[in-house]
Amino acid sequence: MTNTQPYISIRHLQKGYKIGGEAISIFDGLDLDIPNGDFVAIMGPSGSGKSTLLNMLAGIDRPDAGELRIGNSYLNQMGEGARASWRAHNMGIVFQFYNLLPMLNAAENVELPLLLKPLSAKDRRDRVRKVLDLVGLSGRERQYPSMMSGGQQQRVGIARAIVSDPGLLLCDEPTGDLDRKSADDVLQMLRFLNQELGKTIIMVTHDPEAAKYAKRVLHLDKGNFVEEKRAA
Amino acid sequence: MSNHIKQTFIMSRANLFSLPRRLAISTSMVLSVALVVAVLAGFLAMSKGFEQALEGAGSSDIAVVLGGGTNQEMGSDIPADAIRNLQAMSGDFGVTRDAAGSLIASREIIVTIGFTPEADTLPRTLALRGMDASGPLIRDGVTLSDGRLFRPSAREIVVGARIAADFPGFEIGETVRLGALDWTVVGHFASNGSAFESEIWADLETTRAAFDRQGQVQSLRLRLHDASSLSSLNVQLQNISQTRLLAVSEANLYAAQAGRTADIIQLFGWPLALLMAIGATAGALNTMMSSVADRTVEIATLRALGFSRLSACLATWFEAIALACIGAVLGILASWLGFNGWQASTVGANNASIGFQLSVTGDVMLNAGLLGLAIGALGGAIPAFAATRLPLTAALRASG
Ligand SMILES: Nc1ncnc2c1ncn2[C@@H]1O[C@H](COP(=O)(O)OP(=O)(O)O)[C@@H](O)[C@H]1O
Ligand SMILES: [Mg+2]
């Protein structure tokens, strides 16, 4: 990858779904560039395709046509297995409802992505401790999700997303289920990860307050149209 | 590949922890597998026990001569002149002789007798064997456990241990009505649980007289030098009578009977067990489908983190096999505790009941256990495939 190339590039991307035999188009020729180290908030009405776009960036969903490149990987050309392994090594994902495994404690949840890598148990333990420290949860390693507040669970979710040190962080409404105070904590943390650790972050949100933490905001509307606005 | 194994291991561990959420339906799968395994083990143990009872009865050093083209005592008839001719033959044709030079032989008949053990019970069929005085000696592994042998021309019987144990009225000194006449019990014999223990022995002439079988001989028992003497005996038998005579080793005689009946037991047991197994497989399929449904969000989350399809598939399949395995172990344990050593009886080759013990042996456990595992492996296959086809986006969307 040369410096002139954006980190993420989307070209002529098409995506639709069939609902009850009727094909509906969500993206029809979407173009988007995101440079390395960016912090983008994606906003837009419900059903406009924000999650769909994020899922394609995560390699969970695939475009019908067009090009989707992240770093040197053309996700649109990769099969299911290759994308799973790409996910394991290149991006972290943060969910609105945290998606922690209820039968695992905080440390075990955070450890999951590391288990896909050739690391010793000690290396894994050290890394888990470090990221739990980073998100302000040291001492809570052995707590189960059911014993934690929403804000704490989401911080475990963020720790899990960054534990294998990916360059890209994808967050789908990460504060959608949190109170203001917890939301601000989480957003502070994302800003820290972007500014201090250089992570590229793409965050879908409904919340204009949340969007203010991003470097720029993209408005998604009417299917395939993306309007860009500088955050105030 | 090793990475897939590791991922599968982690997914399986998560499955294990989530099992309590599906306790009821998982338990029902375990129990239905256990039931099938126990039923099959029961039938196989019966078949195995029957085989063991009859195999124990046979020695290959003893020949049983049968006449009239049959290979079992039932329906066999040996003419008196054939026996006289054989006894008159000099020279060594493989049969042991006593000190006086006579063949060690016992002429025998079997009479089946309807017997009602107690008032208001179903009649059972017993086998009374009339034999020469040398008869008990031409049987290996038989010991007189109590009393004495019958005396010639006395209406006395020696009773096998199974009959003495199963029916009242066979204590030594007691009188038993067999057919139209009363007989006195003078002894009990044992033979390590073999089919002999289901017979009653008496003097040949007395038996013939009591049941109007004068002059009849169904089988002639001879003691051979060793197993290989059988063929020279058969050569000799060609020349002594118009009637076709055939000597078989006692071991083969009983083994052939055992084989037939054991086959019948299995012929009934396997289809029944397989039919039940089909039901249990449908149950396993249902259990595992609801397991996949229950774990949808967890599977999708792990897949989103980069876990492979294969690991989702294998972990689901292993859960099915693990549950089936628990069921199989329970079923085997239940059959072992419940059936092993159980006394049973069936109708043997002479139309008389033969007692035997159910025997849950290693290969009974193996066969029944493998059927249990097959239920898990088959019932879990489609759900395992379904686990790989989970639409991730829909699963993650519904995660709230
Ligand atoms: N798996 C799916 N099957 C059918 N339709 C879908 C699926 N996923 C999303 N959609 C449809 O695509 C559109 C965009 O959905 P989504 O990306 O979730 O929007 P947003 O996140 O902006 O609310 C919606 O109309 C939704 O109903
Ligand atoms: Mg959405």
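The table that follows gives values for the structure above.
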read-out	value
All positions within the range B:378-398 that are more than 10 Å from every other protein chain (Cβ to nearest Cβ) and touching a residue at least 24 places away in the same chain (Cβ under 8 Å)	B:LEU378, B:GLY379, B:GLY380, B:ALA381, B:ILE382, B:PRO383, B:ALA384, B:PHE385, B:ALA386, B:ALA387, B:LEU390
Test: residue in the range B:303-322 that is within 16 Å of ligand 2 (Cβ to nearest atom) and either buried (at least 20 other Cβ atoms within 10 Å of the Cβ) or over 23 Å from B:PRO271 (Cα atoms) (or both)	yes
Top-ranked residue in the range A:42-56 [being touching a helix residue (DSSP H, G or I) at 6+ places or on another chain (Cβ under 8 Å), part of a helix (DSSP H, G or I) and not β-branched (Val, Ile, Thr); ranked as farthest from ligand 2 (Cβ to nearest atom)]	A:MET56
The range B:56-71: number of residues that are part of a loop (DSSP other than H, G, I, E, B) and either out of contact with any Ser or Thr (no Cβ under 7 Å at 6 or more places or on another chain) or small (Gly, Ala, Ser) (or both)	9
Residue satisfying condition, being assigned to a helix (DSSP H, G or I), farther than 30 Å from A:ARG87 by Cα, more than 16 Å from ligand 1 (Cβ to nearest atom) and hydroxyl-bearing (Ser, Thr, Tyr), within set B:SER335, B:SER311	B:SER335
Residue list for the range B:194-225, filter: of a type in the set (Val, Ile, Thr), crowded, with 21+ Cβ neighbours inside 10 Å and closer than 15 Å to B:GLY179 by Cβ	B:ILE200, B:THR207
Odd one out for A:LYS122, checked against (1) more than 30 Å from A:PRO6 (Cβ to Cβ); (2) more than 11 Å from every other protein chain (Cβ to nearest Cβ); (3) within 16 Å of ligand 2 (Cβ to nearest atom)	(3)
Any hit, the range A:73-80, residues being within 16 Å of ligand 2 (Cβ to nearest atom), touching a Pro at 6+ places or on another chain (Cβ under 9 Å) and of a type outside the set (Gly, Ala, Ser)	no
Enumeration of residues in the range A:75-113 that are in a strand (DSSP E or B) and more than 7 Å from every other protein chain (Cβ to nearest Cβ)	A:MET91, A:GLY92, A:VAL94
Close pairs (7 angstrom Cβ cut-off, 6 or more residues apart or separate chains): in contact (Cβ under 8 Å) with a residue 12 or more places away in the chain in the range A:44-60, near ligand 2 (Cβ under 9 Å from one of its atoms) and among the hydrophobic types (A, V, I, L, M, F, W, C) anywhere	A:LYS50/A:VAL204; A:SER51/A:VAL204; A:LEU54/A:VAL204
Verdict on A:GLY21 being near ligand 1 (Cβ under 7 Å from one of its atoms), without any contact (Cβ under 8 Å) to a residue 40 or more places away in the chain and either buried (at least 21 other Cβ atoms within 10 Å of the Cβ) or not basic (Lys, Arg) (or both)	no
Residue in the range A:182-194 that is in contact with a helix residue (DSSP H, G or I) (Cβ under 9 Å, 6 or more places away or on another chain), within 14 Å of chain B (Cβ to nearest Cβ) and closer than 18 Å to A:PHE39 by Cβ present	no
Odd one out for B:PHE356, checked against (1) within 14 Å of chain A (Cβ to nearest Cβ); (2) buried (at least 18 other Cβ atoms within 10 Å of the Cβ)	(1)
Selected residue [away from ligand 1 (no atom under 15 Å from the Cβ) and not acidic (Asp, Glu)] from A:GLY66, A:GLY49	A:GLY66
Residue under evaluation A:GLN96, criteria (1) within 17 Å of B:PRO391 (Cα to Cα); (2) within 13 Å of ligand 2 (Cβ to nearest atom), criterion not met	(1)
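Bear in mind these aren't lab numbers, they're just calculated from the coordinates by the rules spelled out. Worth saying up front: this structure is predicted, and the values here are computed from it rather than measured. No Cβ is skipped: glycine too gets one built from the backbone with ideal geometry, and neighbour counts run over all protein chains shown.
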